[in-house]
Amino acid sequence: MAVQRLDRGDLWKNKARVLQLQLRQRFRVAVDRHRPSVLADRYFSSSVQRWLRRFRDFRRDSLPSSSSFYRKKVSKDFDVEVDSAIFRMLQAVAVPLIGNVCHVFMNGLNRVQVYGLEKLHDALLNRPKNKPLITVSNHVASVDDPFVIASLLPPRVLLDAQNLRWTLCASDRCFSNPVTSAFFRSVKVLPVSRGDGIYQMGMDMAISKLNTGGWVHIFPEGSRSRDGGKTVRSSKRGVGRLVLDADSTPIVLPFVHTGMQDVMPIGANFPRIGKTVTVLIGDPIIFDDLLNSEEATEASRGKLYDAVASRIGHQLQNLKVKVDKLALEQSIRLENHNKDGAERAANILHQVDLEPFGLGSHEYIRYESLVEETRTKLNDMSPEEATADVYTRTGYCCEGGIGSRIRSYMDPTELMGFAARGLLMNCRSKEKYSDTSDIRPLKTWK
């Protein structure tokens, strides 16, 4: 019995071996029908290696590593199909046109005070070739971009659409329908989706622009200020990815502005005129100590993103304190200028001989009381009330725009002097000459 069992076992083993050889021979024949027998094994192994290599590349570039953050490399021609020739033609027309309109609006109908403008021009015009540039700023109004950026650039730079900035905008606001999508794409705006994280297509497109040496402007806060621009919130992690995942570390230039909340208040449909905007441009932010340290090599990608974003947010907060101080000093200087102008006008009117103008002692006493009343009122007013009173009396904002240009061509003391004489003569003519037949020709002319 034992011998029969061994024979049966050997028989089944032999049958299994024969079946295995038959299957292998059939597989070789199937392969040989498609390829020459000499290259069959080589072709099969190369195909497997090619597919394994594609799978490894896909896993490395598209899937996260063991940690939740990783570096996702983006090629320079990532969005070459999206950035078609039609949209490049539209950008060449729309970007210079809208940029120059915004420049005229901000510098003609409003007033822009810029501190450190040479830093932006140097970073934009004199940076090394293919060196990327990132500008970061606070976000106060919906028209911060392009109004503020256009006010900082000369018209000749605004005509070069290719080298102007790219910016990011939420897809639910700027890309809600085909018409708005086409418009914002023609003015170099990239879509980002809220809640999709930092590894989305919009961020990849921005990094591809940086890899070609372009300029990207971003608001690190992520959305507009909720307190009217009084404070600067912390920066989001996405700006850290733009800095670290680019092929070359970009130049990061911060600037902060105040006054745009008056140009475009919350809920307004059209921007205001006659306002003053103050812009302070800081020094480029350096990250060499952060990226080249020993701790950076061991730290996770997420911590590096947070460290870069924290440094940018801290720099913006420091600039915000400085720009508020500059704006306050400027408003005080303007109020003092208005008070000095009123006092100079009063002193000139003191020296005017009123007799040749037909004004006697009665009108002189009324004039003295008017001057004293105006001087007392200006001294007792707070700076805010004085500014509001000047705005009400003149009919236009004297802080900038049209008012500043009229003031540059006309002495305010002469204007007040003629106004006072005309007011007093008008009052005297109403009181003394009730009948027009009693008015002599010279008096009538006056």
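The values are calculated or read from the model by the stated rules, or taken from the named source; none is laboratory data. Note that the coordinates shown come from a computational prediction; the quantities given were computed from them, not determined experimentally. Reconstructed Cβ throughout: ideal geometry from the backbone, glycine too, with neighbour counts over all protein chains shown. We work out accessible area using only protein heavy atoms, side chains counted, and drop any ligands, DNA or RNA first. Shrake-Rupley method; radii C 1.70, N 1.55, O 1.52, S 1.80 Å.
Here are some notes:
- Hypothetical label at residue 227: residues of the stretch 110-144 whose amide nitrogen lies under 18 Å (7 Å Cα-Cβ projection): 138-141
- The HN-Hα couplings worked out from phi for the stretch 100-116 by the Karplus form 6.51 cos²θ - 1.76 cosθ + 1.60 (θ = phi - 60°) are 6, 4, 5, 5, 5, 5, 6, 8, x, 9, 10, 10, 10, 9, 10, 10, x Hz, whole numbers, x standing for Gly and Pro.
- Magnitude of the charge dipole, the stretch 105-152, Cβ model with Lys/Arg +1 and Asp/Glu -1, debye to 20: 200 debye
- Across the stretch 322-328, rounded Karplus estimates of 3J(HN,Hα) from the backbone phi angles (6.51 cos²θ - 1.76 cosθ + 1.60, θ = phi - 60°) give 5, 5, 5, 5, 5, 5, 5 Hz, Gly and Pro being marked x.
- Additional length obtainable on full extension of the chain from residue 13 to residue 130, 0.36 nm per residue less Cα span: 35.2 nm
- The heavy atoms of residue 86 offer some 110 square angstrom of accessible surface to a 1.4 angstrom probe.
- Sorting 215, 166 by accessible area puts them as 166, 215; the probe is 1.4 Å, largest comes first, and only protein heavy atoms count.
- For residue 130, neighbours were defined as the other residues whose beta-carbon sits under 14 Å from its Cβ, and their charges (Lys and Arg +1, Asp and Glu -1) total +4.
- Long-range amide H partners of residue 275 with built H, under 5 Å: 111
- Take the convex hull of the alpha carbons in the stretch 74-335; its mean projected area over all directions comes to 14.2 nm².
- Largest first and in whole Å, the equivalent-ellipsoid semi-axes of the stretch 225-278 read 31, 13, 11, each the square root of five times a Cα gyration tensor eigenvalue.
- Solvent-accessible surface of the stretch 74-335, taken per residue with a 1.4 Å probe and all protein chains present: 48 Å².
- Fully extending the segment from residue 163 to residue 183 would add 5.3 nm, taking 0.36 nm per residue of separation and subtracting the current Cα-Cα distance.
- The phi torsions of the stretch 257-274, fed into the Karplus equation with coefficients 6.51, -1.76 and 1.60 and a -60° offset, translate into couplings of 10, 9, x, 5, 5, 8, 5, 9, x, 5, x, 7, 8, 10, x, 8, 10, x Hz, rounded to whole numbers, with Gly and Pro shown as x.
- A simple spin-label model places the labels of residue 143 and residue 53 5.6 nm from each other, with each point 7 Å out along Cα-to-Cβ.
- A crude spin-label estimate for the pair residue 172 and residue 98, with each label 7 Å from Cα along the Cβ direction, gives 2.2 nm.
- The listed residues 314, 103, 337, 257 rank as 314, 337, 103, 257 when sorted by accessible area, largest first, using a 1.4 Å probe.
- Peptides 315-326, 153-164 ranked from most to least packed by the mean count of surrounding Cβ atoms within 10 Å: 315-326, 153-164.
- The stretch 74-335, dipole about Cα centre (Lys/Arg Cβ +1, Asp/Glu Cβ -1), debye to the nearest 20: 660 debye
- List 221, 118, 335, 329, ordered by accessible area with a 1.4 Å probe, largest first: 118, 329, 335, 221
- Considering only 130, 248, 116, the residue lying farthest towards the positive end of the dipole of the stretch 74-335 is 116, judged by Cα position with unit charges set on Cβ.
- Exposure of residue 173 as accessible area (Å², to 10), given a probe of 1.4 Å and all protein chains: 140 Å²
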